[in-house]
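Below is one structure; the comments refer to it alone.
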Amino acid sequence: MPIDQQIAELKAELNNACLTPRERREAKAELELLTEQDRSDAETGYFADVEAWVAVHVTELAALPF
């Protein structure tokens, strides 16, 4: 299951379920973990895209005067 779907389901559960304080803390901790993982995956994808762009344009970049 994609991370964004897991995050959405967990948020819905937090909003609608009758959880004990411990269960709520655990769910919030899991939500934070999934959110951070999603952010890390997005950053990894972004930097991979940048590296691919640089590989294509390496000659142009080398010709820059700085």
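The values are calculated or read from the model by the stated rules, or taken from the named source; none is laboratory data. What you see is a predicted model, and the numbers here were worked out from it, not measured in a lab. Methodologically, a virtual Cβ is constructed for each residue, glycine included, from the backbone with ideal geometry; neighbour enumeration extends over all protein chains shown.
Being modelled with pLDDT of 95 or more and either under 24 Å from ASP4 (Cα atoms) or out of contact with any helix residue (DSSP H, G or I) (no Cβ under 8 Å at 6 or more places or on another chain) (or both) is the requirement here; does ASP49 meet it? Talk me through it step by step, then tell me what you get.
Numbers: modelled with pLDDT of 95 or more: yes; either under 24 Å from ASP4 (Cα atoms) or out of contact with any helix residue (DSSP H, G or I) (no Cβ under 8 Å at 6 or more places or on another chain) (or both): yes.
Yes.
Screening GLU60 against (1) over 22 Å from the mean Cα position of the chain (by Cα); (2) at pLDDT below 90 leaves a single unmet condition, (2).
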